[in-house]
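These notes are about the structure you will find just below.
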Amino acid sequence: MSYHRNVTPDTDSPHPVPVPTRLVITLRALRWSALATLALAGMLWLAWRPRTTISPALPTGAIWTAAGCGAGAWISAFMLQRSESVEGAFYNDRRRAGRVIIVVDALLAAIPLLAAGWVATAALHRWVEILTVTGLNTERPLTAALICLATGGVTATDILLRGVRVHSAFTAMSADGWPPPGLPRLLRGGRGRQWALAAAAFLAPILTLGVVSQAAHNWTSAATTMTAGPIDSADLPARPHSMASEAAWSREESSLLDVAAGAAGPIILTTTDVIGLNPEDGSTRWSYHREGMTPRHSDTSNAAPFQKHYLVASPDRRYIALRLESDKKLVGRTSLVTAVILDTVTGVATGEHPSSPDGALQLTDHAVLDGETAYSLTDGSRLWSISSTGDKGHPWVGTAGSSTFILSTNATGNPNKRTRSTSPNVEGTSVGLTVVPDTDPSATTTMDAITTDPLQGGLLVQQGWVAVYSDGVPTTNTGSDTEGWSVQAASLDGLAGIEGADTRRIDMGRSVGLNTLASEASGDLVLYPQPVPWKRGSEYTSFEFTAPTAGAILDPATGALASGTTASGLAGAAVGITPEDDGESISFNLTAAPGDGSAGARIPVDGTMFHDPRDDSSNPGLSDLGSVYGRIALRDVAAISAPGATVLVLATGPGYLGRTSVRLYGVGRGDA
C-alpha cells in the first residue's frame, strides 16, 4: 500500500506538525518565477538574433555534467519521498522523518542550483571575455546563463516543495506532480502579507534577471573616437582631375598601413588608428581607435606599393569597413576578428560585428557583406545570411555595386589568369561573376566577360562600375593579345538588372584589360592602351614596358572619357623622386607628372628620406604608375586621388610603404 495515496492530515497525531503556509506559497511563487524566467530567456534567445558568428563555446562536458547532476538530484528526491523506509519512519516518528526529508531535500535542491550556477558562470565568463577582447557584445552567452539559472531554479524549488509537503502531510503526492499548481491555487486562502510575499517572490527573480540581462546586452566596450560634423552632399569636395605645382600641406605619420579616399577627403590607417583628414590643410577631422585591437588586412594585392588592403570603401565612398584582430587570444582559441563600419564624413562607427577573416568583405551603398552575412551600413543591424553549401568560387573583397553584392568570382578565360602573370600573353583574361541584390540574397544573377588586369590579375570595381568585353569572353575570333578586344564600361547594378539602375554601356575602345594600378590610384576606370605597352624580355616569363600604360580613362561619377595622354590627374601620371642639379649641389623633388605633359606637382624633399633617392624604387625616371608598379616594388613613393586633394606619400623610415613611417603631402587642384 502506498503511503501517498492513504496518508491523512495529522489531526489524529499526538504531535501535529503545522503546515508551513508561507514557505509553500513562497516556493510555489519562486517555481512560477523560474518558469517565467525560462520563458523570458527563450524569447530573448529569439529576439536577440545573433549579431555575431562567435559561438558561446560553453564546455560541452560542463553542460552535460550539470544536466546529469540536476536530473540525478530530482530523481533521488523523488525516490526518497516514495520509498517504503520513509513510510515506515513517517508512521513511527513523523518529526524525525520530516526533519530527515527536509535536510536531505535541501541538500539535493542545492545540487541543481550549484550546477546551474557553474554553467551560468562559464557562460558569463565567455561573454565578458569576448567583450573585453573585441569590444563586441555577444547575446547567446547571456541567454544561455539565463536558461541555466531558470532551469536550476525550477528543479530546486520542485524538490523543496515535494519535501515540504511530505514533511507536513499537506497534500497528496498527486497534487505535487507536474505540471505545478495554477497561480490561483498558489494563493488560495492567502491574504494580505501572503499575497505580498507571493508577489515579491514571483517578481523579484524575473525583474532582477531581466534588468541585469538587458543592461548587459546593451553594454559595449567603447572605442576612443573623435567625430566630425556632417556635411551636406552638395558641399562634399570633388576628386581633383589636375594638380597644383606645390603641396598645400604635409603631415608626418608613423607605421602607415593604408590610404583610401573617403567622401569628404583622404583616410589613413596606421597600426593604431583610422584617421579622416581635412583635404584643405591635412588636419585630423575624425579618428577611431580601439585598444587591444590591430588592423588585419582583408586582401593581399599585387597593386604596389600598398600590397595589403585594409580599408574597403562603399561605391559612393560614404562608408569604409576594416577588420581588427584582437591582440589577446581567448583561452584555447585563436584571436578574434572584428569588422568595424565607419562613416567617412563624420567618423561615427555605425556598426561592429565579428568578422569572417577569410571570407568576403564588400560594401554596396547600403550594406556590407562579411563572409555570408549582410549588415546595414547605417545602424549595423543584421539583414540576412546566405547558405554556405556548394562551391561559391572565390569570395570578393573590395567595393561592390551600388546595390549589388558579388557572391563569387570565377575565371571564364584562361584559368591561370586569376593570379599575377608575368607573361604578355593575355588572351582569354576575364572573370565571371555571381551577384545578388543587397536586399534579396536569393535573386542570383551570373555574368561573364568582366575585364580584369592581365598583369596584376583580379577584379576591380570603381564607384559601382566595371569594364566588360562587349563581344563576350575574349577569343582569337574577336581580338588578340596585342590588339585587344572591344571594351565597354557598365554599372554592376545595370548588368545585374537592378530596378532603376543605370543601364548605359560606355564604349572605351579596344584593350587587353584593366590597368588596376592606375585605376586604384586615380579612382577612375583605366584601361591599358592598344597596342599593348610591353614586349617580351630575354626570357619568356619576363617583359618590359615600351610605352605609357594608361589608355582610355572613364570617370564613373560623370561618365567623362579621357586618355592617358590627355589626363591631367593621377590616371596617366608618374610619381617619383627626381634629382635637380643647379651646378653647385643636387637636390631632390617629389614629383607627380600628369600624362598630358602639364607641370603637375614638384615638392622639394628636405633630406629626411631613409633610402637613396636615386634607387629605382624611388622611380627617378618617372615611369607611369602602371609600368613602374608592374616592374619594380616601390618602397618610397605612392599616390592616391581623394576628394579635395591628391595625396602623395613619401617614406621617411626603414622598410617599405605599409611598414614604415611616412610624410604625406596634400596637393590641391591645378586650377584652384
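The values are calculated or read from the model by the stated rules, or taken from the named source; none is laboratory data. Note that the structure is a prediction, hence the values are computed from the model and not measured. Note that each Cβ is placed from the backbone with ideal geometry, even for glycine, and that neighbours are counted across all protein chains shown. To get the accessible areas, we keep the full protein, side chains included, count just its heavy atoms, and leave off ligands, DNA and RNA. Shrake-Rupley method; radii C 1.70, N 1.55, O 1.52, S 1.80 Å.
Observations on the structure shown:
- Calculated FRET efficiency for the pair Ile586/Asp448, C-beta based, R₀ 60 Å, to 0.05: 0.65
- Shape class of segment 469-529 from the alpha-carbon gyration tensor: oblate, with a/c at 1.5 or above and b/c at least as large as a/b.
- Net length gained if the chain between Asn410 and Glu252 were fully extended (0.36 nm per residue, minus Cα distance): 52.7 nm
- Of the peptides 114-126, 314-326, the order by per-residue mean of other Cβ atoms within 10 Å, starting with the highest, comes out as 314-326, 114-126.
- Selection of GluC sites (Glu not before Pro), segment 541-608, meeting DSSP coil and at most 16 other Cβ within 10 Å: Glu584
- Once backbone amide H atoms are built at 1.01 Å from N, Leu324 has Arg296, Thr338, Ala339, Val340 as its partners under 5 Å, excluding neighbours fewer than 5 places away on the same chain.
- A Förster radius of 56 Å, combined with the Cβ-Cβ distance separating Val348 from Ile75, puts the computed FRET efficiency at roughly 0.50.
- Peptides 224-233, 244-253, 452-461 ordered by packing proxy, namely the average of other Cβ atoms within 10 Å per residue, highest first: 452-461, 244-253, 224-233.
- Cβ-derived FRET efficiency at R0 41 Å, Thr566 paired with Trp384, nearest 0.05: 0.35
- Of the accessible area of segment 430-480, computed with a 1.4 Å probe over protein heavy atoms only, carbon and sulfur atoms account for 45 percent.
- Accessible-area rank, largest first, for Val667, Val348: Val348, Val667, with all protein chains present and a 1.4 angstrom probe.
- Taking every protein chain into account, the accessible area of segment 448-557 amounts to 36 square angstrom per residue (probe 1.4 Å).
- Spin-label pair Met226-Ala39: with each label point 7 Å from Cα along the Cα-Cβ axis, the two points sit 5.3 nm from one another.
- Length added when fully stretched, Thr476-Asp507, from 0.36 nm per residue minus Cα-Cα: 9.1 nm
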